[in-house]
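Structure record follows, encoded as structure tokens.
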Amino acid sequence: MIKLIRIFDRPLQKLDIPSIYHNFIQRLIANFLLIALCTTLVALKAQEPPYLSYRPYGGETISSILEKHDLPSHRKAIKTFYQINQLEFNAPIYTHKVYKLPILKYTYNGQSIRSTIGNSNWNLAVNIQTYNINLVEKGVKSGDYRKNEELWVPAHFLHEKHSPKFVLTSGESSLEIPLFGKEHSKFPIKSNKLNTDVFYLVAGHGGPDPGAMSKYSNWDICEDEYSYDVTLRLAKLLMQHGAQVEIIVQDPKDGIRSGQHLNCDQDEITVNGEPLPLNQLKRLQQRSEAINKLYINYKQNKTQFKEHTAVMIHVDSRNKSKRQDVYFYHLGDSENGKEKALGLYHTFKEKYKIHRKSGRYQGSVSARNLFMLRSTYPPAVFIELGNLKNPSDQKRILLESNRQALAQWIFEGLVRESL
């Protein structure tokens, strides 16, 4: 063993051994490296997820199968189907056989889509999430990937540049934000008076945590759904006057909604396309980190933005008999946060004089050391819209006109010195 170590410690060309052994050792090392490389490639190949299997129903064609799974059905896509099934182009398909679809089946790791597929593109992750949600709603896919750990990824997704389906597109005098829903996605730009402002909007709770819950009639009221609707309405108002708005918690399916009954669901994600964790601290850290990363990016690369404000919108839960007007928190040592909170307070006080018969407003402004107030870099305000369990306060969020009024008043309070 000692002699062997000494041999390999010296260059082969300098070894004092017959050339036949010299050549033998060189071939041995070369073969060893080749075997190691092949083993590695095989291991990597084995880690690739399998294609989704599918048995056709009577009367189905390749095009109809692809369309059923929200896949492109043009000639190139059909050709891909034949290739992965090792069939000749235009060969018939049969109902008694199982075929591969150009959809990769990943085992979801319980953390994020990006870490599951090994791709850091968050736009891609958002589209994959939306794809899976849509197929569940159509009844094509059984179960949420976060519960059954089965994540479907169309193969062509991995070879395309992706943008989330709710990206901003703008014209000279209008905006289109698909995130707001079909009825609200297109709207005019009224001014550019806020074009140096950035707002980071956070609707409370979401995902596995609905927040405060109550009952109205025979259906559930979930805090996260109503705070999200008000948040989107506020975002739209800010954008109409040129502000840059970052919506930190997003729902690819629910836009601005009409009516009183907003269904409770768990499909909210972050602006980075990540699912929301159940653990409260991790969820808050996720939001804070998203805001801070965006803030740093604006500060370093987009110097035209001078004013930054983070806004967290919640609905409180107290004793059913306790009526609670809208109230505001700011961080104790943040003068900018306090100024924003006072602006909101005075705006609501003025509005109540006009719209409430008694004219009395019993909201408040106070300092709190809440995590989202102390951990975010931009000045922040925390808004509670009322008591979810109080019948009078419920009307404040259940009625669409009231949700719009809340968004309008918050908007006016945030920008009262700018417009």
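Can you find, within the range 308-321, the residue that is modelled with the highest pLDDT among those that are surrounded by 16 or more Cβ atoms within 10 Å (Cβ to Cβ) and either among the aromatic types (Phe, Trp, Tyr) or over 19 Å from Tyr228 (Cβ atoms) (or both)? Ranking the candidates gives His308 first.
Among the residues of the range 310-332, the ones that are touching an Asp or Glu at 6+ places or on another chain (Cβ under 8 Å), among the aliphatic types (A, V, I, L, M) and more than 20 Å from Lys389 (Cβ to Cβ) come to 0 in all. For the range 120-157, a residue qualifies if it is touching a helix residue (DSSP H, G or I) at 6+ places or on another chain (Cβ under 7 Å) and hydrophobic (A, V, I, L, M, F, W, C), and the qualifying residues are Trp122, Leu124, Ala125, Ile128, Val140, Leu151, Trp152, Val153, Phe157. The residue that is farthest from the chain's Cα centre (by Cα), counting only those in the range 196-225 that are surrounded by 22 or more Cβ atoms within 10 Å (Cβ to Cβ) and within 14 Å of Asn263 (Cβ to Cβ), is Ile221.
Answer yes if at least one residue in the range 304-314 is within 21 Å of Gly181 (Cβ to Cβ) and not in a helix (DSSP H, G or I), and no otherwise. Checking the range 304-314: at least one residue is within 21 Å of Gly181 (Cβ to Cβ) and not in a helix (DSSP H, G or I). The residue list Phe382, Phe371 contains one member that is within 25 Å of Lys215 (Cα to Cα) and in contact (Cβ under 8 Å) with a residue 24 or more places away in the chain, which is Phe382. Annotation note: Cβ proximity below 7 Å between a residue of the range 302-327 that is not assigned by TED's automatic domain parsing to the domain that holds Leu201 and a residue that is aromatic (Phe, Trp, Tyr) and assigned to a loop (DSSP other than H, G, I, E, B) (sequence gap 6+ or interchain) occurs for no pair. The residues on offer are Lys357, Lys338, and the sole one that is without any contact (Cβ under 8 Å) to a residue 40 or more places away in the chain and under 26 Å from Gly242 (Cβ atoms) is Lys338. Tell me whether the range 331-339 contains one or more residues that are modelled with pLDDT of 95 or more, within 13 Å of Ile383 (Cβ to Cβ) and assigned by TED's automatic domain parsing to the domain that holds Gln408. Scanning the range 331-339 turns up at least one residue that is modelled with pLDDT of 95 or more, within 13 Å of Ile383 (Cβ to Cβ) and assigned by TED's automatic domain parsing to the domain that holds Gln408.
The values are calculated or read from the model by the stated rules, or taken from the named source; none is laboratory data. As the structure is a prediction and not an experimental result, all values here were calculated from the model. Please note: Cβ atoms are built from the backbone with ideal geometry, for glycine as well, and neighbour counts cover all protein chains shown.
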